[in-house]
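Read through the structure below, which is laid out as structure tokens, and then see the notes.
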Amino acid sequence: MTLILSLLAVVLVLATILPLSVRREWWIRALDFPRLQIAIAACLWLLVWLTLAGDNTLWLTLLALCVLAVLVYQAYWITPNTEMHRQEVERYDPLIDGNCPTFKMISSNVLMHNRNSGPLLSLIRQHQPDLVITLESDQWWQDELDRLQDYPHRIACPLDNLYGMHVYSRLPLHDTTIDFLVEDDKPSMSATVEVTPDTSLQLHVVHPAPPAPGENDESTERDVELLLLAKAITDKQQRLIVAGDLNDVAWSATTRLFRQISGLLDLRIGRGLYNTFSANHWYARWPLDHVFVSQHFKVVNIQRLRNIGSDHFPLLVELAVTDSQRQTSAVEDEELDKERLDSIMDTSVAHSAQPPPV
């Protein structure tokens, strides 16, 4: 038993320490994801250790202190995504904020090989969002989504490589663009959304490739795309929304850099994890689909919707445009990780990429 506990403790410690590195190999960056799972494993390890109290050696006691440190460290990263933390984006209260324009948005990674559009179309008809964002949508999905008669404004980029994307909108879209910021076959989209004749916002939709075998051996392409976008949208007076499947978790070092540079706020902070991936495995779920907003918005509703046959759950967000400009990011005052930032951006990919229009 001592040997087994020792090996498990070493694994937990390594899984916690390795992501601190600025290295971008996929197997290191993948350890950014399972913080909750690592914390649960640490709890179970400590429970087993306590049941062996009469047989514990000094070695196991020292390992227990290490595992306790792992638990505390992982909890530090998880806690902001729970109700124990203050809400970063405040809840909309019409009595305080007045009668502000609101809109609904559904973002869904549909899984390109999923050939059953019925569940997603049913959710759209049920919730009546003003904006529908789809990722991994190819020509087949475009043909299915074109049946949505109430969405006359559209941006379409059907691709059969798992990186197609579409935006369907009831609200007028202006200055729409499709960009390939880092990789020639990985698009992103931007548009000005006219919520009311007097109220507009800038929408950016992204879906960078994950660091994974068969995709990219390193996280460089994903990280560069996110940080290029962050550097392009630093105007704090502009109403901004960034949405999509970032293939990164809210607590990763890269996403924190994205938020620090852009100044955008995370709807999840103070509300919950809203894990959208994987819909197929309850024990391995992470918040990969995101909606980040500038300080001009408040939350009416955020909801993870039911399974549509994809490996991602759709995410429903309803926002009010309040222009309060009093909200601050939880990472705003943290010291910028210059070493990591320079490591990511000092690449040939970064030098050849073009920033998105704003």
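The values are calculated or read from the model by the stated rules, or taken from the named source; none is laboratory data. In this text the structure is predicted, and so the values were computed from the model without any measurement. Positions of Cβ are generated from backbone atoms using ideal geometry, with glycine treated the same way; all protein chains shown enter the neighbour counts. When the accessible area is computed, the model is the full protein with side chains, heavy atoms only, and any ligands, DNA or RNA have been set aside. Shrake-Rupley method; radii C 1.70, N 1.55, O 1.52, S 1.80 Å.
Kindly check whether there is at least one residue in region 101-120 that is closer than 29 Å to Thr177 by Cα, among the charged types (D, E, K, R) and touching a Ser or Thr at 6+ places or on another chain (Cβ under 9 Å). No, because not a single residue in region 101-120 is closer than 29 Å to Thr177 by Cα, among the charged types (D, E, K, R) and touching a Ser or Thr at 6+ places or on another chain (Cβ under 9 Å). The listed residues are Thr254, Thr276, and the only one of them that is crowded, with 23+ Cβ neighbours inside 10 Å and at pLDDT 95 or above turns out to be Thr276.
Here is a check on your reading of the model: is Leu267 hydrophobic (A, V, I, L, M, F, W, C) and either in contact (Cβ under 8 Å) with a residue 60 or more places away in the chain or open to solvent by 20 Å² or more (accessible area, probe 1.4 Å) (or both)? The answer is yes for Leu267. Selection of region 195-229 for residues being buried (at least 23 other Cβ atoms within 10 Å of the Cβ) and without any contact (Cβ under 8 Å) to a residue 60 or more places away in the chain yields Val206, Pro208, Arg222, Leu226. For region 281-337, give me each residue that is without any contact (Cβ under 8 Å) to a residue 12 or more places away in the chain and not charged (D, E, K, R). His281, Trp282 - these are the residues of region 281-337 that are without any contact (Cβ under 8 Å) to a residue 12 or more places away in the chain and not charged (D, E, K, R). In region 87-144, of all residues being in a loop (DSSP other than H, G, I, E, B) and of a type in the set (Gly, Ala, Ser), the one that is most open to solvent (accessible area, probe 1.4 Å) corresponds to Gly98.
The set of residues in region 231-248 that are modelled with pLDDT of 95 or more and either on the phi > 0 side of the Ramachandran plot or of a type in the set (A, V, I, L, M, F, W, C) (or both) comprises Leu240, Ile241, Val242, Ala243, Gly244, Leu246, Asn247.
In the set (1) among the small types (Gly, Ala, Ser); (2) under 16 Å from Leu315 (Cβ atoms); (3) within 11 Å of the chain's Cα centre (by Cα), Ser252 fails one condition alone, (2).
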